[in-house]
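Report on the following structure.
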Amino acid sequence: MDIREYTSPTLPVAQFVERYVDTAHYDTGCRGCDNYGQVWVCPPYDFSVPDYWGGFREVCLRGVQLRFSPEEQARSYDPEELAERLRQLFSRTARQMILRLREEYPRSDILTVGGCHLCEHCTRPEGRSCRYPEGIGYTLESLGCDVSTAAEQLLGWPLLWSRKGCLPEYMALVCGVLIR
Ligand code: SF4
């Protein structure tokens, strides 16, 4: 598997929000997700989402493509095994990406994808506080961001997904960097 990394141009937050973020209905797309209300980095939130975006000056996206070989794309996988394999691959890659972005942008918030990757089991369902409140990053999509459109327009490529046990040319992780 080949890995390629891309960084978008940096935009003023107001411009990014106007183009790609629906703050009024920020959690509409999240309500059917298993993570809704189960992970501290996912909605519902106890803070104002527009005020959160407004606390930053600029934003850029960092996207990583996990590219699959023609042989891997030609194979047919058991869908459940493939889903588990991808879950592990994405968790590992997201963790590495987030740690690296935190070093590169120490005073910024890093928005992630697909929930939190820091603990095996989140404390939220038990009503206990987050174990690493300083280390978490909210998910881009849960703050109302249309990640597909933003990635396509700012990184220059569409998001692709696996279908019926088959891998596409690549799958991607997209993080947001919110700069103060
Ligand atoms: S760091 Fe752990 S406790 Fe906090 S949101 Fe992530 S999974 Fe939940």
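Please work out which residue is farthest from the ligand (Cβ to nearest atom), limiting yourself to the range 131-146 and to residues that are touching a residue at least 40 places away in the same chain (Cβ under 8 Å) and within 22 Å of GLU5 (Cβ to Cβ).
Among those that are touching a residue at least 40 places away in the same chain (Cβ under 8 Å) and within 22 Å of GLU5 (Cβ to Cβ), it is ASP146.
What pairs can you find where one residue is in the range 69-81 and under 19 Å from ARG4 (Cα atoms), the other is in a loop (DSSP other than H, G, I, E, B) and aliphatic (A, V, I, L, M), and their Cβ atoms are less than 8 Å apart, with a gap of 6+ or different chains?
Matching pairs, first to second residue: SER69/MET1; GLU72/MET1; GLU72/LEU167; GLN73/LEU167.
Which residue is surrounded by the most Cβ atoms within 10 Å (Cβ to Cβ), if the candidates are limited to the range 112-135 and must be over 18 Å from ARG102 (Cβ atoms) and among the basic types (Lys, Arg)?
Per the criteria, the residue is ARG124.
Would you be able to say whether some residue in the range 162-176 is modelled with pLDDT of 90 or more, more than 16 Å from the ligand (Cβ to nearest atom) and surrounded by fewer than 18 Cβ atoms within 10 Å (Cβ to Cβ)?
Yes; the residues of the range 162-176 include at least one that is modelled with pLDDT of 90 or more, more than 16 Å from the ligand (Cβ to nearest atom) and surrounded by fewer than 18 Cβ atoms within 10 Å (Cβ to Cβ).
Run ARG128 past the list (1) within 14 Å of the ligand (Cβ to nearest atom); (2) in contact (Cβ under 8 Å) with a residue 12 or more places away in the chain; (3) of a type outside the set (Phe, Trp, Tyr); (4) over 24 Å from GLY29 (Cα atoms) and report the number of the one that doesn't hold.
Result: ARG128 fails condition (2) only.
Looking at the structure I just gave you, is PHE56 more than 20 Å from ARG4 (Cα to Cα), touching a strand residue (DSSP E or B) at 6+ places or on another chain (Cβ under 8 Å) and either within 15 Å of the ligand (Cβ to nearest atom) or in contact (Cβ under 8 Å) with a residue 12 or more places away in the chain (or both)?
Taking the combined requirement at face value, the residue satisfies it.
Quick one: is CYS119 within 13 Å of the ligand (Cβ to nearest atom), touching a helix residue (DSSP H, G or I) at 6+ places or on another chain (Cβ under 8 Å) and part of a loop (DSSP other than H, G, I, E, B)?
Here the answer is no, as CYS119 does not meet what is asked.
Of everything in the range 91-113 that's within 15 Å of the ligand (Cβ to nearest atom) and in contact (Cβ under 8 Å) with a residue 60 or more places away in the chain, which residue is farthest from the chain's Cα centre (by Cα)?
ASP109
Listed here are the residues, each with its yes/no results for (1) in contact with a strand residue (DSSP E or B) (Cβ under 7 Å, 6 or more places away or on another chain); (2) farther than 27 Å from HIS25 by Cα.
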| site | (1), (2) |
| --- | --- |
| ARG92 | no, yes |
| ILE98 | yes, no |
| PRO106 | no, yes |
| CYS116 | no, no |
| CYS119 | no, yes |
| ARG124 | no, no |
| PRO133 | no, no |
| ILE136 | no, no |
| GLU141 | no, no |
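The values are calculated or read from the model by the stated rules, or taken from the named source; none is laboratory data. Computed from a predicted model, the values in this text were never measured in an experiment. Don't worry about glycine lacking a Cβ; one is built from the backbone with ideal geometry, like all the others, and counts go over all protein chains shown.
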